[in-house]
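Quick notes on the structure that follows.
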Amino acid sequence: MTFEDIKEKYSDREPAFPAHLPKPNESDLNDLIKKYNCKFPKSFIDYQLKYCLDVPIGDFSFDGFGWANKELGPNMNLEETLKGYSELEFPNYLTPFRYDNGDYWCFDNRSSESEFPVVIFDHNSNDIESSPNYNWKNFIDWIDKTMENEY
């Protein structure tokens, strides 16, 4: 599946990023990658920089999703997500991109694939959520499955 497939499949849904806000940008994203020594898959980078104004994500997924623009408020800012995660000294092989109610949606960088799986780091168990319902093949799969579950 591609971003174009998602856009077509959910053509009745609004794009993920509000057009009136300062858009995610490469400079801020690169600064975050350096500052937090993190890895993002190409699909996430492309979504931030190319597709966020065209391709939807579900309303639930939007809440707490981190966007690469330092001008955005704390509930939308990727740096706040990365900073909060790093302060808790959770596993460094996970790179968070979404925060909700103490849990982090992360890329599992242990994968040898270029597109990392998406997992949830559960703050209650202090571990990766083990249910198959909370593990996705990659970022595009996560968008698709969360849209399916929501709509």
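Quick notes
- Only the Cβ atoms of Lys and Arg (+1) and of Asp and Glu (-1) were treated as charged; on that basis the dipole of the chain about its Cα centre amounts to roughly 440 debye.
- Pairwise FRET efficiency - Asn124 versus Glu26, Cβ, R0 = 25 Å, nearest 0.05: 0.10
- Inter-site label distance for Leu53 and Glu115 at 7 Å from Cα along Cβ, in nm: 2.5
- Helix-only [θ]222 nm of the chain, DSSP H runs n ≥ 4, -39500 (n - 2.57) each, per residue, nearest 500: -9000 deg cm²/dmol
- Residues Ser11 and Lys34, FRET efficiency given R0 of 30 Å [Cβ-Cβ distance, rounded to 0.05]: 0.20
- Modelled spin labels at Ser131 and Asn149, positioned 7 Å past Cα toward Cβ, are 0.7 nm from each other.
- Rounded FRET efficiency, nearest 0.05, which uses the C-beta distance separating Met1 from Ser86 and R0 of 35 Å: 0.65
- According to the Cα-based calculation, Rg over Rh for the stretch 30-151 is 0.92, with Rh computed by the Kirkwood formula.
- In this structure, the amide hydrogen of Ala16, modeled 1.01 Å from its nitrogen in the peptide plane, lies closer than 5 angstrom to those of Asp54, Val55, Ile57, counting only residues at least 5 positions away or on a different chain.
Every read-out reported here was derived from the displayed coordinates using simple, explicitly stated rules and does not represent laboratory data. For clarity, every value in this text was computed on a predicted model and none was experimentally measured. Every residue, glycine as well, gets a Cβ built from its backbone with ideal geometry; the counts of neighbours run over all protein chains shown.
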